[in-house]
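Working notes, structure below.
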């Protein structure tokens, strides 16, 4: 899951949804008991962009899933454009959304942050959200809010799950050697040690991309050759490569997305995911009711923005008490009795 938030940290992420071009805002009225008309709640018109494919089962799909759920609830209409990582491509799309009178424009991914802030200056009456590291939370303006996710929680919980399996050595296939990726890995190591102090961690291997599944599969095969009994990945497109290679090599995995398919998921113990629904719903409600701007929000376990897939015991290879221990650990993280960092 852990992708392009860039949080120095702390999802991820998002969906087999094609880009949808939907109608603009609408309203209706319903007669009240006195015979007068009561305006219905305004349907918020949302334009959204993701840097990668929205069928990745991870970071990008998380936004697409949230948007579709909000549409199904009658709260929004939306248009979603994917593969918008290049600012030369994304900035004109953001400008077009703003020019068409969209109420809220979401830039989901650190690659979109500069373009969001650039366009927002030109359209002060339109609301925007920008993704980034912790610093983006302090960059809010009257019409821009920042978003990131808790890297400590994502990394630590993933590592804790991996450690509870008692599998060792543990390999890691990361995307790019970026600060937030390395920070996530540090929290992952902390989680592994908390669950299994005797576990051995092999040096991380970088696929050189968020999405190069073949490079990730090659890296995974190499780690298995070094003796890895479990391979962790930070999700996105590389997760499909990790999942397929881990399954082929008969080892466990953690962090593989649903896009990897049934065979790969059969060996995947769990994946820490983003749930963008509570975050996006909060933005939509602010746009509808006022109060938007000059702040930021972090996806966490506490606010439901970070979740995890049910524990898979992989045919008995994973201890049966892992799920209960994970639930207990999450309670400790939320109530502060478990310290990360």
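Each residue in the stretch 111-150 was checked for being outside any strand (DSSP E or B) and buried (at least 21 other Cβ atoms within 10 Å of the Cβ), and 12 of them qualify. The set of residues in the stretch 33-62 being touching a strand residue (DSSP E or B) at 6+ places or on another chain (Cβ under 7 Å) and at pLDDT below 90 consists of 37, 38, 39, 40.
Restricting attention to the stretch 215-271, the residues that are part of a loop (DSSP other than H, G, I, E, B) and either crowded, with 24+ Cβ neighbours inside 10 Å or modelled with pLDDT under 95 (or both) add up to 13. Please find, among 86, 135, 103, the residue that is modelled with pLDDT under 95 and outside the structural domain of residue 236 (by TED's automatic domain parsing). Answer to the check: 135.
Once the stretch 320-341 is narrowed to residues that are in a loop (DSSP other than H, G, I, E, B) and out of contact with any helix residue (DSSP H, G or I) (no Cβ under 7 Å at 6 or more places or on another chain), the residue that is surrounded by the fewest Cβ atoms within 10 Å (Cβ to Cβ) is 336. The residues of the stretch 79-110 that are assigned to a loop (DSSP other than H, G, I, E, B) and on the phi < 0 side of the Ramachandran plot, listed by number, are 82, 84, 85, 86, 100, 102, 103, 108.
Please work out which one of (1) surrounded by fewer than 22 Cβ atoms within 10 Å (Cβ to Cβ); (2) within 20 Å of residue 170 (Cβ to Cβ); (3) more than 16 Å from the chain's Cα centre (by Cα) is the condition residue 309 fails and give its number. For residue 309, the exception is condition (3). Of all residues in the stretch 43-74, those satisfying the criterion of being touching a helix residue (DSSP H, G or I) at 6+ places or on another chain (Cβ under 8 Å) and assigned to a loop (DSSP other than H, G, I, E, B) are 50, 51, 52, 53, 54, 55, 56, 57, 58. So, residue 295, is that one outside the structural domain of residue 190 (by TED's automatic domain parsing), in contact with a strand residue (DSSP E or B) (Cβ under 7 Å, 6 or more places away or on another chain), surrounded by fewer than 19 Cβ atoms within 10 Å (Cβ to Cβ) and within 26 Å of residue 147 (Cα to Cα) or not? In short, yes.
In the set 157, 201, which member is more than 15 Å from the chain's Cα centre (by Cα) and either modelled with pLDDT under 95 or not assigned by TED's automatic domain parsing to the domain that holds residue 48 (or both)? First the steps, then the outcome.
Working: 157 fails: more than 15 Å from the chain's Cα centre (by Cα).
Result of the check over 157, 201: 201.
The residues of the stretch 164-191 that are out of contact with any strand residue (DSSP E or B) (no Cβ under 8 Å at 6 or more places or on another chain) and either assigned to a loop (DSSP other than H, G, I, E, B) or modelled with pLDDT of 95 or more (or both), listed by number, are 164, 166, 178, 186, 187, 190, 191.
The values are calculated or read from the model by the stated rules, or taken from the named source; none is laboratory data. Note that the structure is a prediction, hence the values are computed from the model and not measured. Methodologically, a virtual Cβ is constructed for each residue, glycine included, from the backbone with ideal geometry; neighbour enumeration extends over all protein chains shown.
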